[in-house]
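Since every read-out is calculated from the coordinates, none of them should be taken as a lab result. Being a predicted model, the structure only gives us computed values, none of them experimental. Cβ coordinates were reconstructed from backbone atoms using ideal geometry, including for glycine residues, and neighbour counts include every protein chain displayed.
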Amino acid sequence: MDFAVVGAFVPTEELLPLAVAADELGYDGFCVGDHVVDLETIATPYPYEADGSRRWDPDTPWPDPWVLIGAMAAVTTRLSFFTSIYVAALRSPFQVAKSVGTAAVLSGGRVRLGVGVGWCREEFELLGQEFESRGRRTDEALALLERLWTEDWVSADGPHYPAPRLTMRPRPAQRVPILVGGLSDVALRRAARHDGWIGDVSSTDEAIAVAARLRELRGGRPASVVAALNDALLPEDFARAEAGGVTDVMTQPWMYYSGRRATLAQKIEGLARFRDDVLVPLDTAREHTHA
């Protein structure tokens, strides 16, 4: 099981120091969120809260994820990066391919694309993108991304993104894995067609159920299952999730020790304590199991 630090809702100036600390302390990844703007008033309910309200304040920063990942990659050596999640259908897939592919090249292949179809109609309208077709456009875009990253010359005749013969450089040396978010059957099938699933906050049992469904859809072939577990506290809790098919955990370890208002120093201290309390015991248990 890999552990990724969540950068959402963190002051922008703290993100690079946190990435450096996570890299040095042995964390596997760092994930970042995505919103272009935060509209003051929207009619679209936020789907991950029971009352439909957004879980962040209006002054929450949302730095561009690929600019941020490029900056974090430049100050780290082994940490990987992914989005949780990036709304590809808000943009042209050619721009998405260029941004993600460039980040993959500059980071030495330490990038995964976590993508979802999006939920905020008003944000789509502001950016001039059709909301109703976002699922179909996401499917067409993801197929096009794979080709733009791997083929010398690409042409496309899809209904949404037709293109004449073209090439895009630089191209990633390694394939960029694609993770898909969402809980609908359509979303899980989309995740099964790619490299796995990336979720919002969920219980361990919910994440294990998704892992089982993905195995079923993929005919037993393994897939990544990336989750933020709201009921895992102890090494044995994470071990149960791992045994159930959860491959990656997204976490803000300082929340266990100092809470939401933690200073940068407390955040870094939380990373170190969580490593000692959870990551090291998990690794030790694995060594004993395989001894």
Log entry, pairs with first residue in the stretch 185-204 being on the phi > 0 side of the Ramachandran plot and surrounded by fewer than 19 Cβ atoms within 10 Å (Cβ to Cβ), second being part of a helix (DSSP H, G or I) and hydrophobic (A, V, I, L, M, F, W, C), beta carbons closer than 9 Å, six or more apart or on different chains, reads none
Note on the stretch 57-79: residues over 21 Å from Leu142 (Cα atoms) and touching a residue at least 40 places away in the same chain (Cβ under 8 Å) are Thr60, Pro61, Pro63, Leu68, Ala71, Met72, Val75, Thr76, Thr77, Arg78, Leu79
Take the residues in the stretch 67-96 that are of a type in the set (Phe, Trp, Tyr) and farther than 23 Å from Glu130 by Cβ; name whichever of them is surrounded by the fewest Cβ atoms within 10 Å (Cβ to Cβ).
Phe81
Under 8 Å by Cβ, and 6 or more places apart or on different chains, what pairs join a residue from the stretch 258-272 that is under 18 Å from Thr12 (Cα atoms) and without any contact (Cβ under 8 Å) to a residue 40 or more places away in the chain with one that is surrounded by 15 or more Cβ atoms within 10 Å (Cβ to Cβ) and of a type in the set (Lys, Arg)?
none
Return yes or no: is Glu122 more than 16 Å from Asp195 (Cα to Cα) and surrounded by fewer than 18 Cβ atoms within 10 Å (Cβ to Cβ)?
yes
Residue list for the stretch 243-260, filter: surrounded by fewer than 20 Cβ atoms within 10 Å (Cβ to Cβ) and out of contact with any helix residue (DSSP H, G or I) (no Cβ under 7 Å at 6 or more places or on another chain)
Ala243, Thr247, Met255, Gly259, Arg260
